[in-house]
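Below you'll find the structure, written out as structure tokens, and then a few comments.
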Amino acid sequence: MLESYLFGALIAAAAVEAAQPGAVKPVAAPMRDLTWGQLNFLHTTDTHAWLSGHFLEPSFSADWGDYISFSQHMRKLADDKGADLLLIDTGDRIEGSGIYDGSVPKGIYQYDIYAQQKVDLLSTGNHELYKAYSIDMEHNTTVPNFKENYIASNLDYIDPKTGKRVPQAQRYRKFKTKNLGLNIVAFGFLFDFTGNANNSIVQPVADTIKEDWFQAAIKEKPDLFVVIGHVGVRMQEFKDIFTAIRKEDWDTPIAFFGGHLHIRDAVSYDSKSLAIASGRYLETIGWMSIDGIAKKQPKEDDDEQVAAQKGISFSRKYIDNNLYGMYYHTGLNETTFPTKEGRKASQMIEDARKALDLDHRYGCAPRDLWMTRAPYPGKDSIYSWLEEEVLPSVVVNEDRKDKPRLAILNTGGIRFDIFKGPFTRDDTFTVSPFNSGFRYVADVPYEIAAKVIGILNSQAKIFVHGLPNTRQLTIPQQMYPRPNFDEETETVEDGQDGVELGGFGKEGPEIDEVVQDDENEEEVRLELRGDDGSSDNGELFGGYTTKDDIGKDGDDTVHKPIDFYAVPNCIQAEVGFSADEKPKAVDLVFIDFLLPWIIPALKFSGGDYSAKDVEPYMEGTLTTKLAEWISDNWKDEC
Ligand SMILES: *[C@@H]1O[C@H](CO)[C@@H](O)[C@H](O)[C@H]1NC(C)=O
Ligand SMILES: *[C@@H]1O[C@H](CO)[C@@H](O)[C@H](O)[C@H]1NC(C)=O
Ligand SMILES: *[C@@H]1O[C@H](CO)[C@@H](O)[C@H](O)[C@H]1NC(C)=O
């Protein structure tokens, strides 16, 4: 897959205006071209309401309105080529940014702004399902907004009025593409999620694919199957769907679009199928194209007959979400690029941000604090900062403030980095979007309480009765074994055994640690984001350097790699005692998300506690406490 490397005009970049006022300008960089086919796709996933784009990162500073303009131009290009273009979204549209989390009730601006985009196929993520409220909102707002484009192959809704269980949306969709008239059968799945609120039912994928409607749908002999889902592209659920389809239909091409793990990735399940995952947070717009699709009932049309004989080919790209790239791929500029609909959405975002006061400044961050770009523990780690500075100061119950305590937080509860500079109301939601409060078990013998963190951080298959999978506690990028690339195994720190990383179809054991030395940097392709430095002299700047099953040419922008350091499942602050003087007993304080893990872990450590022993520790959530701490401690001007 040879593609041209072109250095874009550096001068043009200086004139680029990002749609949200105050967002940084993109930086010119060498680009790889998109490969067009008969059928082409743009894919977003795990946007988590980052509709404003990223204000401080040039690689991702375009907003949802820019994406609307971009997709309109791309549809026009498809029309001009006599090809087709479909837009896909695979869920987790909510929770994670002020545009959603900043309003009461949540999302009063988000749903409408999101719906300005014409998405052709969309499905549900786990984040739409944690709260009864957001499940209702999918049912009464997002599904009506997108009608037959919304697919819910394994998700049901409980109607609050009748108590009846109904499909959240249609199970699958059969349609013809606009220009080529390709027949498509599309599904929309969610992984086997179990943490959903009780007005929804997620049916395991393995059961769903046995149902009559699914078995009938895969016998349709379309020109193409499209399977979209909030599922990692190497997870068992997609494997099961692929296997089920291939059992009935050995040669119809299948395009898979996945997500959930917040990474860029592509897997070729067989020569007639490709799966891509398109990152997170509106950093990435995934691109897939397919050529050589054989029409099952060809018209009297020579071109299509030729196409049928060419054989199927797939291509993929991960587009950095910024205007420089959007101009590049469309051949337009700042005057010709924005469309009426795109501008309207950008304006809606700007208005919502004002109404929600998202730019309100709580303080000024004195330095960058990273989730995975700096080692943990370490001075630049956001987790060390929480352990050493924030938690000791905010985890206080006035009535028990003399009691020593351990405070535990799961790393997955933190969703984004903090950049040096203004820390705003919007940032409180990007860093800590969940409404998690603090609970505790009082007066736990120290030697029992101290064992809990080790159990929560264990990755090996230790068997602790009643303990849910500890992988759910960490950041999405580490929730599932990473693919094996060149090597079968990767060594781990601390002299532990090498772990085999699970590729598609062979799930390896959990990753204990990801090695971070220079030698291995090539292997590490997760969570890579742009520098804010410019690249005046043609030097590459940091960003995603994706390596997937297709190769190393997936990113549309050529970057130099950024480090990725593994983090544990949980972190712990020791409060009210010193390391060399261990107390007899402590209050075991934890973020309430951890409740299902804490009691089994305490039992395993020799503490016979039950849910009855758990009480609220203090008022407030991690998010509100973070904002308070920052207001008190980061008072300097920026
Ligand atoms: C949808 O459901 C939510 C939550 O129950 C409710 O607040 C909202 O008013 C409903 N909207 C519509 C349009 O019915
Ligand atoms: C779900 O749980 C809530 C509160 O626990 C309860 O009031 C409600 O009836 C339940 N709904 C269903 C559909 O089971
Ligand atoms: C944008 O492109 C149009 C059409 O090619 C051209 O007339 C115009 O001068 C360009 N504007 C800028 C700012 O480059």
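The values are calculated or read from the model by the stated rules, or taken from the named source; none is laboratory data. The model shown is predicted, which means the values in this text are computed figures rather than measured ones. Neighbour counts run over all protein chains shown; Cβ positions are idealised from the backbone, glycine included.
Can F423 be described as assigned to a helix (DSSP H, G or I), among the aromatic types (F, W, Y) and crowded, with 21+ Cβ neighbours inside 10 Å? Steps first, please.
On the way: assigned to a helix (DSSP H, G or I): no; among the aromatic types (F, W, Y): yes; crowded, with 21+ Cβ neighbours inside 10 Å: yes.
No, not satisfied.
Taking region 331-364 as the search range and keeping residues that are among the hydroxyl-bearing types (S, T, Y) and buried (at least 18 other Cβ atoms within 10 Å of the Cβ), which one is nearest to ligand 1 (Cβ to nearest atom)? Even if it seems obvious, please write down each step before you answer.
First, pick out the residues of region 331-364 that are among the hydroxyl-bearing types (S, T, Y): 335-336, 339, 346, 362.
Filter again for buried (at least 18 other Cβ atoms within 10 Å of the Cβ), leaving 339, 346, 362.
Values: T339: 28, S346: 25, Y362: 29 Å.
Across region 331-364, the extreme among qualifying residues is S346.
Mind listing whichever residues of region 349-394 are under 16 Å from P568 (Cα atoms) and among the hydrophobic types (A, V, I, L, M, F, W, C)?
Result: W370, M371, A374, I382, W385, L386.
If we scan region 210-219, do we find a residue that is charged (D, E, K, R) and buried (at least 18 other Cβ atoms within 10 Å of the Cβ)?
Initial filter on region 210-219 (charged (D, E, K, R)): 210-212, 219.
Now restrict to residues that are buried (at least 18 other Cβ atoms within 10 Å of the Cβ): none.
No, there is no match, as no residue in region 210-219 is charged (D, E, K, R) and buried (at least 18 other Cβ atoms within 10 Å of the Cβ).
Looking at region 115-166, which of its residues are within 16 Å of ligand 2 (Cβ to nearest atom), among the hydroxyl-bearing types (S, T, Y) and over 26 Å from S346 (Cα atoms)?
Once the filter is applied, which keeps residues that are within 16 Å of ligand 2 (Cβ to nearest atom), among the hydroxyl-bearing types (S, T, Y) and over 26 Å from S346 (Cα atoms), region 115-166 yields Y130, Y133, Y157, T162.
Mind listing whichever residues of region 458-471 are surrounded by fewer than 18 Cβ atoms within 10 Å (Cβ to Cβ) and not β-branched (V, I, T)? First the steps, then the outcome.
Within region 458-471, the subset surrounded by fewer than 18 Cβ atoms within 10 Å (Cβ to Cβ) is 458, 460-466, 468-469, 471.
Within region 458-471, S458, A460, K461, F463, H465, G466, P468, N469, R471 meet the criteria.
Table: residues versus (1) closer than 19 Å to F416 by Cβ; (2) charged (D, E, K, R).
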position: D66; (1), (2): no, yes
position: G82; (1), (2): no, no
position: S97; (1), (2): yes, no
position: P105; (1), (2): no, no
position: H127; (1), (2): yes, no
position: I151; (1), (2): no, no
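In this structure, is R367 surrounded by 19 or more Cβ atoms within 10 Å (Cβ to Cβ) and either more than 22 Å from V452 (Cα to Cα) or within 25 Å of the chain's Cα centre (by Cα) (or both)?
Values: surrounded by 19 or more Cβ atoms within 10 Å (Cβ to Cβ): no; either more than 22 Å from V452 (Cα to Cα) or within 25 Å of the chain's Cα centre (by Cα) (or both): yes.
Criteria not met by R367.
Looking at L369, L332, L386, L391, can you tell me which residue is assigned by TED's automatic domain parsing to the domain that holds H73 and either modelled with pLDDT of 95 or more or away from ligand 2 (no atom under 16 Å from the Cβ) (or both)? Don't jump to the end; show me each part of the working.
On the way: L369 fails: assigned by TED's automatic domain parsing to the domain that holds H73; L386 fails: assigned by TED's automatic domain parsing to the domain that holds H73; L391 fails: assigned by TED's automatic domain parsing to the domain that holds H73.
Just a single option satisfies the conditions, and that option is L332.
Looking at region 194-211, which of its residues are away from ligand 1 (no atom under 16 Å from the Cβ) and part of a strand (DSSP E or B)?
Those that are away from ligand 1 (no atom under 16 Å from the Cβ) and part of a strand (DSSP E or B): I201, V202.
Consider region 102-141. How many of its residues are within 29 Å of A206 (Cβ to Cβ), within 10 Å of ligand 1 (Cβ to nearest atom) and among the polar types (S, T, N, Q)?
Just the residues of region 102-141 that are within 29 Å of A206 (Cβ to Cβ), to begin with: 119-132, 134-139.
Add one more test, that the residue is within 10 Å of ligand 1 (Cβ to nearest atom), and what stays is 131-132, 134-139.
After this cut, where a residue has to be among the polar types (S, T, N, Q) as well, the list is 134.
Qualifying residue count for the region: 1.
Could you tell me how many of the residues in region 549-568 are closer than 30 Å to T621 by Cβ and touching a Phe, Trp or Tyr at 6+ places or on another chain (Cβ under 9 Å)? Don't jump to the end; show me each part of the working.
Quick first cut of region 549-568, residues closer than 30 Å to T621 by Cβ only: 564-568.
If we keep only those that are touching a Phe, Trp or Tyr at 6+ places or on another chain (Cβ under 9 Å) too, we end up with 565-568.
The qualifying residues number 4.
Under 8 Å by Cβ, and 6 or more places apart or on different chains, what pairs join a residue from region 330-343 that is away from ligand 3 (no atom under 11 Å from the Cβ) with one that is at pLDDT below 95?
If the second residue must be at pLDDT below 95, the pairs left are P338/A19; G342/A19; R343/A19.
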